[in-house]
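Q: One structure coming up, written as structure tokens, with questions to follow.
No lab work stands behind these numbers, since they all come straight from the coordinates. If you're wondering where the values come from, they're calculated on a predicted model, not measured in any experiment. Counting neighbours? That spans all protein chains shown, and the Cβs are built from the backbone with ideal geometry, glycine included.
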Amino acid sequence: MSTWEVHAVKYADRNARTRGDSFIFDDNHDAPHAMDYFMWVLKCGDEVILVDTGYDGVEAANRDRPIRMDPAEALAPLGLRAEDVTNLIITHLHYDHAGGLHLFPNATLHLQAAEMAFATGPCMCHDTLKMPFTAEHICEAVKRLYAGKLVFYEGEGEVEDGVTDHCVGGH
């Protein structure tokens, strides 16, 4: 099995948030709930896999959630350019995990089939459930599907030697 380096890439934070920003039915909704936002880079020799994309400045402005650094630019310290990313694991399609899909145009997406079904299914008729999703990001995933650049997994599947994708359910 291959040995992979794992790099955490922080691109944003929200230290002024409360638990009410994160949890729907929380009795302690005013309590602080700071959050850091990360993408993950897996490297093995010349092979690179990006896990999640973060969100860009447009999404940051739309949601009033500033970013410290554009996700594509955040890869530069690792010697990477967005156009060089060819494999992209999307853990789930929330805006902060898939809001930069368009920044990585050459990437094949790796995604659980259940996540695509959820993000495009009847649950999106409920405002509370669709709040963390953005239609443009979901449409970008659908475009990758039609371009032959989306691999679905049903449970566990191997992305590359030593890297597997799993369906864990929930956030």
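Q: Under 24 Å from the Cα of K149, which lysines turn up, not counting those fewer than eight places away in the same chain?
A: Once the sequence-local lysines are set aside, what remains near K149 is K43.
Q: Near K143, which aspartates and glutamates are there with a Cα under 18 Å away, not counting those fewer than 8 places off in the same chain?
A: D52, E83, E115
Q: Rounded, prolate or oblate: which fits the stretch 85-139, taking a ≥ b ≥ c as square roots of the Cα gyration tensor eigenvalues, rounded meaning a/c under 1.5, else prolate when a/b beats b/c?
A: The shape class here is prolate.
Q: With a cut-off of at most 13 other beta carbons within 10 Å, and DSSP calling the residue loop, which trypsin sites (Lys or Arg not before Pro) in the stretch 9-114 qualify? Please list them.
A: Here the trypsin sites (Lys or Arg not before Pro) that fit, given the DSSP loop and packing criteria, are R68, R81.
Q: Also, I was wondering about something else. So who's got an amide H within less than 5 Å of the one on N87, skipping anything under 5 residues away but keeping other chains? H placed 1.01 Å off N, in plane.
A: Answer set, sorted by chain and number: L50, T108.
Q: In addition: Could you work out how far the C-alpha centroid of the stretch 42-57 sits from that of the stretch 109-171, in angstrom?
A: That distance is 17 Å.
Q: Quick one: of the DSSP bridges fully inside the chain, what percent are antiparallel, nearest 5?
A: Around 65 percent antiparallel, to the nearest 5.
Q: Follow-up. Pull out a ≥ b ≥ c, the square roots of the eigenvalues of the alpha-carbon gyration tensor of the stretch 112-155, then state rounded if a/c is under 1.5, prolate if not and a/b is larger than b/c, and oblate in the remaining case.
A: Oblate, since a/c reaches 1.5 and b/c is not below a/b.
Q: Through the Karplus equation 6.51 cos²θ - 1.76 cosθ + 1.60, θ set to phi - 60°, convert the phi angles of the stretch 84-93 into ³J(HN,Hα) values in whole Hz; use x for Gly and Pro.
A: 3J(HN,Hα) across the stretch 84-93, in whole Hz: 7, 6, 10, 10, 9, 8, 10, 5, 6, 9.
Q: Give me, ordered by chain and number, the residues 5 or more places off R65 or on other chains with an amide H under 5 Å from its own placed amide H.
A: none
Q: Helix 135-146 versus the longest principal axis of the chain: what angle, 0 to 90°, nearest 10, using Cα atoms?
A: 20 degrees
Q: Ok, one more. How would you classify the stretch 5-165 from its alpha-carbon gyration tensor, with a ≥ b ≥ c the square roots of the eigenvalues: rounded for a/c under 1.5, else prolate if a/b is greater than b/c, otherwise oblate?
A: Verdict is oblate for the stretch 5-165.
Q: Just to be sure I follow the definition: excluding the sites themselves, where is the longest run in the chain that has none of the chymotrypsin sites (Phe, Trp or Tyr not before Pro) in a DSSP loop with at most 14 other Cβ atoms within 10 Å?
A: That gives 26-171 as the longest site-free run.
Q: Considering amide H positions built from the backbone, and no H for Pro or chain starts, which residues 5 or more places from Q112, or on another chain, come under 5 Å of its amide H?
A: Y153
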